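I have placed the structure first, in the form of structure tokens, so that the comments after it can refer back to it.
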Amino acid sequence: MSSLPPALPRGVADIFGGAAVAKRQAEAALRELARRWAYVEVIPPTFEYAETLAAEAGTQLAEELYRFLDRDGHALALRPDLTIPTARLAGSKLADEPLPLRFFYAGPAFRYEEPRAGRQREFWQAGVEMIGAQGADADAEVLAFAATSLQLLGLPVIQFTLGHLGYFHGLLQQLALAPAEVQTLHDLLDRKSRDGLEAFASMQGLCGDDQAAVTGLLDLSGQPADEVLDRAARLTRNEVMGQAVAHLAAVVARLQHYGVAPYFAIDLADVRGMDYYTGITFKAYTTAIGFSVVNGGRYDNLVGHFGAARPAVGCAFYLDRILLARARQSGPTPEPVSDLLIHPCSCGTYVALARQARAAGLVVALALDPDQARAALVRVRCTCDDRVFIEKDGGSEAHTLDTWLSYVDRRPA
């Protein structure tokens, strides 16, 4: 007798009860905050042509695509994030719209990677993209929105790392490294290997300021931001690197205006990320989880692949990670509880009571099982003689049909 397959494939999960409430509440909170910041919601399709997604995703992300064929033989793929579909929409359909375009999105994304805590193959993402604006003001707005959002979602400890790929790209121009050597440098920076960087500089025959620029990369992180940027400025080898430092200084100054600068530390040695980033890059971390909960940056070359070239900057919130971190820090979201549990009665008044309470915004469940023990803040029984018997706060009272709801609605906060 053949055994049944697992209930679910690896990397996906059922979400229910308090966890489902928490996810929808977080998504709704981000949607409302984005609306107040003038970001308009877009809903891209869940799957697109694989060629469209793979061409702009970068090597690693392209390898993680879920691919399949439709009945016409077209190669399709599930979206690995929502930035690329949003850029496609802006470039192909909204080229004549006034700039900048501000977009918000929320929904599932899919990547074929090894599942573990905080990393699933289906994960929930929300984010904002600003398309058609460049400069420190645009970058600072997205950064400030990200910091404000994490505060709104109830994370008590937030730390952003803020970098600029222009600094690293400028250094690569100066060194004129072969592709394999660039990859080696990437790997050493990922491992934070100071000894490895010194050995790399020696093997490349670097000396003087070039050697100092490579071996000093790991010192270009931390706070205060102005001190780190001063060190970075002393190590610059060309105009590209200098412009990156100057831009970061301008962004940090604007973050002071927003009141969120203390959340941001500089890290010019973090060069990981999707291949389409061109300017600032940033990640947000919190306690109790080892992954970033927000990723973002500037990607000025992406929209142009789908139409008119447009500068762009944005960020993505990993809702699963945020909620996992919050649960570990503050405990899980309580299971949903009805405000009222109304027992049916022979005269049928219970239907009118439920309708009246729901119209007032209360959550009402009917006690359809006489032995129902479902939790509720208040229990209501119609006595079929124009009175309502209410059990609340450990006590009970009888009220008329005209006054019962005013008593119920003084429930605890």
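Computed from the coordinates by the stated procedures, all read-outs in this text should not be read as laboratory data. Keep in mind the model is a prediction, meaning the values are calculated, not measured. FYI the Cβ positions are ideal-geometry reconstructions off the backbone, even for glycines, and counts take in every protein chain you see.
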*Determine, from the Cβ-Cβ distance of Asp409 and His169 and an R0 of 60 Å, the FRET efficiency 1/(1 + (r/R0)^6), rounded to the nearest 0.05.*
0.50
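Compactness ratio of the chain: Cα Rg over 2.2 N^0.38 Å, N = residue count? Can you show the working numbers first?
Numbers: Rg = 27.1 Å, N = 413, 2.2 N^0.38 = 21.7 Å.
The value comes to 1.25.
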*Rounded to whole Å and sorted largest first, list the principal axis extents of the Cα atoms in region 1-80.*
51, 40, 26
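Looking at the P(r) of region 226-356, how many percent of alpha-carbon pairs lie beyond 24 Å? Mind dumping the intermediate values first?
Numbers: 4617 of 8515 pairs.
Of the Cα pairs, 54 percent sit more than 24 Å apart.
When only Cα pairs under 8 Å and 6 or more residues apart are kept, what is the percent relative contact order across the chain?
Details: 707 pairs, mean separation 70.9, N = 413.
Reported relative contact order: 17 percent.
Based only on other Cβ atoms within 10 Å, what is the fewest-to-most ordering of Ile266, Ile43, Ile390, Ile342?
Values: Ile266 27, Ile43 11, Ile390 20, Ile342 23.
The order, fewest Cβ neighbours first, is Ile43, Ile390, Ile342, Ile266.
For region 139-225, which trypsin sites (Lys or Arg not before Pro) are both in a DSSP coil and crowded by at most 11 other Cβ atoms within 10 Å? Intermediate results must be reported in sequence, preceding the final value.
Details: sites: Arg191, Lys192, Arg194; in loops: Arg191, Lys192.
Hits after loop and neighbour filter: Arg191.
Could you order the peptides 311-318, 359-366 from most to least packed, using the average number of other C-beta atoms within 10 Å per residue?
Values: 311-318: 25.2, 359-366: 14.1.
Those peptides, ordered most packed to least, come out 311-318, 359-366.
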*May I have the pair-distance distribution P(r) for region 76-118, computed from all Cα-Cα distances with 10 Å bins from 0 and rounded to whole percent?*
21, 43, 24, 10, 2
*asked:* Checking a compactness column here: for region 48-135, what do you get for Rg(Cα) / (2.2 N^0.38 Å), N being the number of residues?
replied: 1.21
*With springs connecting C-alpha atoms under 10 Å apart, model the chain as a Gaussian network and identify which of Ala117, Ala29, Ala352 has the largest mean-square fluctuation.*
Ala352
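Considering just Cα atoms, how many Å³ per residue does the convex hull of region 142-197 enclose?
Working: hull volume 6.4 nm³, N = 56.
Each residue corresponds to 113 Å³ of Cα convex hull volume.
On alpha carbon coordinates alone, what is the Rg over Rh value for region 338-408, Rh being the Kirkwood radius? Each step should come with its number before you reach the end.
Numbers: Rg = 10.9 Å, Rh = 11.9 Å.
Rounded to two decimals, Rg/Rh equals 0.91.
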